[in-house]
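Shown next, in C-alpha cells, is the structure this report addresses.
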Amino acid sequence: MENKKCMVSIWCLCYNHEEYIAQTLDSFLEQETDFPFEIIISDDASTDGSADIIRSYAEKYPDIIRPMLLEENVYSTGKNMFATLFFEKTRGKYVAVCEGDDHWTDKSKLQRQVDFLEAHEDYTLCVHNTTLHYCGGEQADRLLLNHTEDHDISFKTLLSGASRSYHTSAILARREIICNPPDFYFVANANGFVDYAIALWCGLNGKVRYLNRAMSLYRINSGEGAWSSGVDKQYQKLRNFVRGEIEMLRTLIPHTEGEKRTLAEHELLEREFELMYIEGRDIEQRRGPYREILRKQSAKYRVYNFLKSYVPGLSRVYRRLRGYID
C-alpha cells in the first residue's frame with residue numbers, strides 16, 4: 001500500500017488475547033470504507049496462542065495486516081508501546097486505536113469518523129460511545145456515556161478524565177498530533193493511562209468531536225493483565241494512580257494558557273484533594289485552596305471530614321473499614 005493511499009492506520013496491542021483477537025481483527029476487516037486502511041498489530045510476547053492467530057490473519061491479508069510478533073515483552077520495560085512500536089511505521093493520515101481484547105461493533109465506524117475529520121480541519125480527534133461488557137457477568141452490558149446527541153467535548157470535560165469522554169477503542173486522531181506527543185504524554189504512560197494524555201493533547205491542538213453512536217465494545221475484567229482489573233479497593237494501586245494523574249497534570253500545565261490553564265490548575269487541586277482523602281490527610285482538605293473544594297462536597301462528606309480530622313481514633317477505624325491501610 002502506497003503511503004498516499006492509506007487513509008487510516010489501526011493500532012492494535014495484543015498480549016495473551018487468544019480468546020478475543022480473532023473477533024477484534026474481524027471487526028477491523030469488516031469496516032466498510034471508500035478508502036484503504038492498514039492494521040498494525042503488535043503481539044507483546046504472548047504466552048498463549050495469540051501470535052499464531054495473528055500470523056494466520058497476516059498471511060491471509062498481507063496487504064492490510066502488518067504484524068509485529070515480539071519475542072521479548074516490551075510493556076514490562078516501561079517503554080511507551082505506541083512510541084516504540086507504531087509511530088515510525090504509521091502510514092495513514094489518521095490513527096485509530098483498539099486493544100486486542102476489545103473490538104468494533106459498527107461496520108461504518110471508520111467511515112463516519114473520517115468523513116467528519118475530513119470535513120472539519122479544526123478538529124484533531126473524533127470519538128464515539130462504547131458498550132461496556134462485563135466478562136464475569138456481574139452486570140448487564142451498558143453504554144459508557146449517557147449522551148443523546150453529537151457534540152463537541154470541552155477541555156474541561158477532557159480534564160476530568162478520558163473515561164468521561166470516550167474509551168480508547170473509540171479514538172480516531174490526526175496522525176501529526178498523535179504521533180508527536182508532548183512530555184506529559186510520557187508521564188502518563190509511565191503511570192498507565194495514555195488515553196488521558198491523548199485526549200488532552202488533542203484538546204490543546206484543536207477541537208474534539210463526539211458522535212452519539214455506540215461503535216465499539218470494551219471488555220471489563222477480560223484477564224489479569226487488563227487495566228479494568230483496576231484499582232478499585234486496592235489501596236496502593238489507587239494511591240499510585242492518583243499520584244500519577246497529579247504528576248501528569250503538573251507537567252501539562254506549562255503547555256496551557258488562559259482559560260485552559262485555569263481549568264488545568266483547578267483539576268490539579270481536585271486530584272490533590274482526592275489524594276489527601278485516600279492517604280488519610282483529611283485535615284489538609286480544610287486548608288488553603290482545598291477549603292473551597294471541601295465546601296462543594298456533600299453534607300455527609302463534610303461531616304466525616306470533620307470527625308476524621310479531629311477524632312484520630314475514628315479516622316483509623318474508618319480507613320481500616322475502607323481498606324485504606326498504609
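The values are calculated or read from the model by the stated rules, or taken from the named source; none is laboratory data. Because the structure is predicted, anything quoted here is derived from the model rather than measured. Heads up, the Cβs are rebuilt from the backbone with ideal geometry, glycines too, and the neighbour counts pull from every protein chain shown.
Annotations
- Residue that is buried (at least 19 other Cβ atoms within 10 Å of the Cβ) and modelled with pLDDT under 85, where the choices are S222, S228: S222
- Some residue of region 158-169 being within 12 Å of the chain's Cα centre (by Cα) and basic (K, R): yes
- Pick from region 239-297, criterion in contact with a helix residue (DSSP H, G or I) (Cβ under 7 Å, 6 or more places away or on another chain) and assigned to a loop (DSSP other than H, G, I, E, B), ranking: farthest from S160 (Cα to Cα): G280
- The single condition among (1) of a type outside the set (G, A, S); (2) in contact with an Asp or Glu (Cβ under 7 Å, 6 or more places away or on another chain); (3) closer than 21 Å to C179 by Cβ that E99 does not satisfy is (2).
- Residues that are of a type in the set (F, W, Y) and within 24 Å of A264 (Cα to Cα), drawn from region 123-177: Y123, F155, Y166
- Note on region 82-119: residues that are more than 14 Å from V8 (Cα to Cα) and either in contact with a Ser or Thr (Cβ under 7 Å, 6 or more places away or on another chain) or outside any helix (DSSP H, G or I) (or both) amount to 10.
- Members of region 27-50 found to be in a helix (DSSP H, G or I), touching a residue at least 40 places away in the same chain (Cβ under 8 Å) and more than 25 Å from E71 (Cβ to Cβ), listed by number: S27
- All positions within region 131-190 that are assigned to a strand (DSSP E or B) and more than 23 Å from Q111 (Cα to Cα): H133, Y134, R142
- Any hit, region 24-34, residues being over 24 Å from Q113 (Cα atoms) and either surrounded by fewer than 20 Cβ atoms within 10 Å (Cβ to Cβ) or outside the structural domain of C179 (by TED's automatic domain parsing) (or both): no
- Total residues in region 237-268 satisfying the condition of being of a type in the set (S, T, Y) and over 18 Å from I293 (Cβ atoms): the figure is 2.
- For region 1-26, the set of residues classified as of a type in the set (G, A, S) and not in a strand (DSSP E or B) consists of A22 only.
- Qualifying residue in region 3-16 (condition: small (G, A, S), in contact with a helix residue (DSSP H, G or I) (Cβ under 9 Å, 6 or more places away or on another chain) and either under 17 Å from M215 (Cβ atoms) or surrounded by fewer than 19 Cβ atoms within 10 Å (Cβ to Cβ) (or both)): no
- Test: residue in region 210-218 that is charged (D, E, K, R) and at pLDDT 95 or above: yes
- Residue within region 66-78 that is within 24 Å of G206 (Cβ to Cβ), assigned by TED's automatic domain parsing to the domain that holds L204, within 19 Å of the chain's Cα centre (by Cα) and in contact (Cβ under 8 Å) with a residue 40 or more places away in the chain present: no
- Residue check, I171 among the hydrophobic types (A, V, I, L, M, F, W, C), at pLDDT 95 or above and surrounded by fewer than 22 Cβ atoms within 10 Å (Cβ to Cβ): no
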